[in-house]
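Following: one structure in structure tokens, then a few remarks.
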Amino acid sequence: MHFITSILTLSVIITPLIILHEFAHFLTAKFFKVKVLEFGIGFPPRIYGFWTNEQEYEISPDLKNSFLKFNNGEVVNISFDQKVVNSIDKINEANSQKKNNYLKVKISNISNQKIRVKTMIWSINIIPLGGFVRLFGEEDNTSEGSLSKASYIQRFIILFSGSLVNFIIPFIMVFFVYLMISPNKATDIIVQSVIPNSPADLAGIKSGDKIVKIDEKEIYAINDLQNVVTQNLGKEVLWVVERGIPIVFSKPGDQSKYQYNNDFEKIFVIGRWNPPRRSIPEDITLIEARKYDPYAGTNTELLVSENAQNFGEISLNEAKKFGDYHYGEKIPIVLDVNNGGIDLIQARKIDNRYGIRNFIQEGSVGILISEGEKKILSQSVNDQYKFALRNAVDIYSLSFISIKGLINRSTNPIFDGPKAVGPIGLGDLSGKIIESENTFSSKIVILITLSSSISLSLAIINLLPFPALDGGRIAFLFVEIFRKGKKVPERVESYIHGLGFIILMLMIIFISIKDIARL
């Protein structure tokens, strides 16, 4: 069931993004009067197709007798010049690829003087992930309406338009989803503990402080805190906190251990790109480490329980996969399963915190936080627009910072996770979001955020100067401009794009194999 959910969810996310990308190529090509041969939804083999874009051509006097052997509804190759057909052939292996100047069409009607044909096919294909557009004359072609005959600026706009649309889509999606699903609840974010000598400690943040604002932005949830801190890594940023006064007679389990009397304080804090890792017990004792990370130290056993809702527990059904275990048994996490137990790699697929953890990784500012009192959030229409706009802009800055963190090999745990995820990994992730226990509105927000990240990735990756991508074709266009109109030989460019496509497919296969290993 998870597999089906993953495939369907990924199709719903990916296909519209790619179709809109290709539709941008389609619209700009039509605007510049470049003929579109096919617009496909999904990838071949084709399930169904229908022809459109009927046009009329005159028949060259030399060909009038040749047209007698063709019938209405037949698909043929024609070549033409200034709306005059000067060659027509049946589709077969000998001539379908004979000349780039040939245009594949479907005959609507033939008379003695003229021929009406449909020049474009809309297709629905069997592989649901994506779509494509084929333009007339993508390679060297001198016919009217070919891409090759378009001007430099027209070709650049046609090639660039797909990525531009993928760059704009996230703003629209995030803005409207946050406008419609604006938060109606806020949660107090309380500093539970502060790591000694961290930026937060040096700035004067203390346990019990309530984080109110960072960089003039209200903090309503943990996600708000993470986003604002991440956007300002390496910068000195103003925090507004409300000092907490310990409740002397608070009991274990009490929701609040602090009281607040509107004692606000402004503090400047600098978030770190590369926070340190502290070894246990060399740099920090196990007792101290567990104040900041309850799972630090050794977690080498799993308890077989009925519900397995807590860390360190495993359900009976899951335990049976590794041996004949029963309720109440403790299963060791081992490196060698020959003597029984669960392999460390398999255990970490259940929860990556399992195994020996002899360190704690500090975060951006060095604080451990918790959620405090929840309250109803009252927002005006103007506030809702501001909130939606803020989140729409944030998606770009956070994506840029993620790329920067990847390039700089940042040790900040905010950038943890696989550096590349393929279709299988994305499908698994989207399926888990749908199957999660989050509210419907939360699922929508998470899926829209995921879709936005994918769209931005498509925009950036497609503009890379790599063969077979839009960026690779733009690179060849610039080479042509630099050589004052002299193109790279058609056969050479085709080979390069073909090789690039093979490399891309191999990369996708490699990433997919790693995705499967992580499942």
### Task
Assess whether residue 475 counts as being hydrophobic (A, V, I, L, M, F, W, C) and touching a His at 6+ places or on another chain (Cβ under 9 Å).
no
### Message
Within the range 301-314, take every residue that is under 34 Å from the mean Cα position of the chain (by Cα) and loosely packed, with under 15 Cβ neighbours inside 10 Å and give me the one that is nearest to residue 348 (Cα to Cα).
### Response
311
### Query
Of all residues in the range 483-519, which are in a loop (DSSP other than H, G, I, E, B) and over 19 Å from residue 469 (Cβ atoms)?
483, 484, 485, 486, 489, 519
### Message
Being outside the structural domain of residue 77 (by TED's automatic domain parsing), in contact with a helix residue (DSSP H, G or I) (Cβ under 9 Å, 6 or more places away or on another chain) and surrounded by fewer than 18 Cβ atoms within 10 Å (Cβ to Cβ) is the requirement here; does residue 172 meet it?
### Response
yes
### Task
State which residue pairs qualify: first residue at pLDDT below 85 and inside the range 1-26, second residue charged (D, E, K, R) in any location, beta carbons under 6 Å apart, and separation of 6 or more residues or different chains.
6/428
### Query
Of these, 103, 10, 17, 63, which one is crowded, with 20+ Cβ neighbours inside 10 Å, over 24 Å from residue 147 (Cβ atoms) and either out of contact with any strand residue (DSSP E or B) (no Cβ under 8 Å at 6 or more places or on another chain) or aliphatic (A, V, I, L, M) (or both)?
10
### Query
Which one is farthest from residue 209 (Cα to Cα), of the residues in the range 252-303 that are part of a loop (DSSP other than H, G, I, E, B) and in contact with a Phe, Trp or Tyr (Cβ under 7 Å, 6 or more places away or on another chain)?
280
### Summary
When restricted to 424, 446, 461, the only residue free of Cβ contacts under 8 Å to residues at least 12 places away in the same chain, over 19 Å from residue 137 (Cβ atoms) and among the β-branched types (Val, Ile, Thr) is 461
### Message
Could you tell me how many of the residues in the range 486-503 are among the charged types (D, E, K, R), in contact with a helix residue (DSSP H, G or I) (Cβ under 8 Å, 6 or more places away or on another chain) and touching a residue at least 24 places away in the same chain (Cβ under 8 Å)?
### Response
2
### Task
Give 372, 328 a once-over and let me know the one that is outside any helix (DSSP H, G or I), more than 30 Å from residue 191 (Cβ to Cβ) and either in contact with a strand residue (DSSP E or B) (Cβ under 6 Å, 6 or more places away or on another chain) or not charged (D, E, K, R) (or both).
328
### Message
For the range 319-328, which positions are surrounded by 16 or more Cβ atoms within 10 Å (Cβ to Cβ) and touching a helix residue (DSSP H, G or I) at 6+ places or on another chain (Cβ under 9 Å)?
### Response
322, 325
### Task
Could you check the range 101-201 for strands (runs of 3 or more DSSP E) lying wholly inside it with 1 or more residues that are within 30 Å of residue 226 (Cα to Cα)?
185-194
### Query
Is there a residue being at pLDDT 80 or above, more than 16 Å from residue 177 (Cα to Cα), among the aliphatic types (A, V, I, L, M) and in contact with a strand residue (DSSP E or B) (Cβ under 9 Å, 6 or more places away or on another chain) anywhere in the range 383-400?
no
### Task
Examine the range 158-166 for a residue that is buried (at least 19 other Cβ atoms within 10 Å of the Cβ), at pLDDT below 95 and hydrophobic (A, V, I, L, M, F, W, C), and state whether such a residue exists.
no
### Query
Restricting attention to the range 219-238, does a residue exist that is of a type in the set (Asp, Glu), touching a helix residue (DSSP H, G or I) at 6+ places or on another chain (Cβ under 8 Å) and surrounded by fewer than 16 Cβ atoms within 10 Å (Cβ to Cβ)?
no
### Query
Could you list, in sequence order, the residues of the range 202-216 that are of a type in the set (Gly, Ala, Ser) and outside any loop (DSSP other than H, G, I, E, B)?
203
### Query
Which residues, taken from the range 353-389, are touching a helix residue (DSSP H, G or I) at 6+ places or on another chain (Cβ under 9 Å), farther than 24 Å from residue 280 by Cα and buried (at least 17 other Cβ atoms within 10 Å of the Cβ)?
387, 388
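The values are calculated or read from the model by the stated rules, or taken from the named source; none is laboratory data. Because the structure is a prediction, the values reported are computed rather than measured. We place every Cβ from the backbone using ideal geometry, glycine too, and count neighbours over all the protein chains shown.
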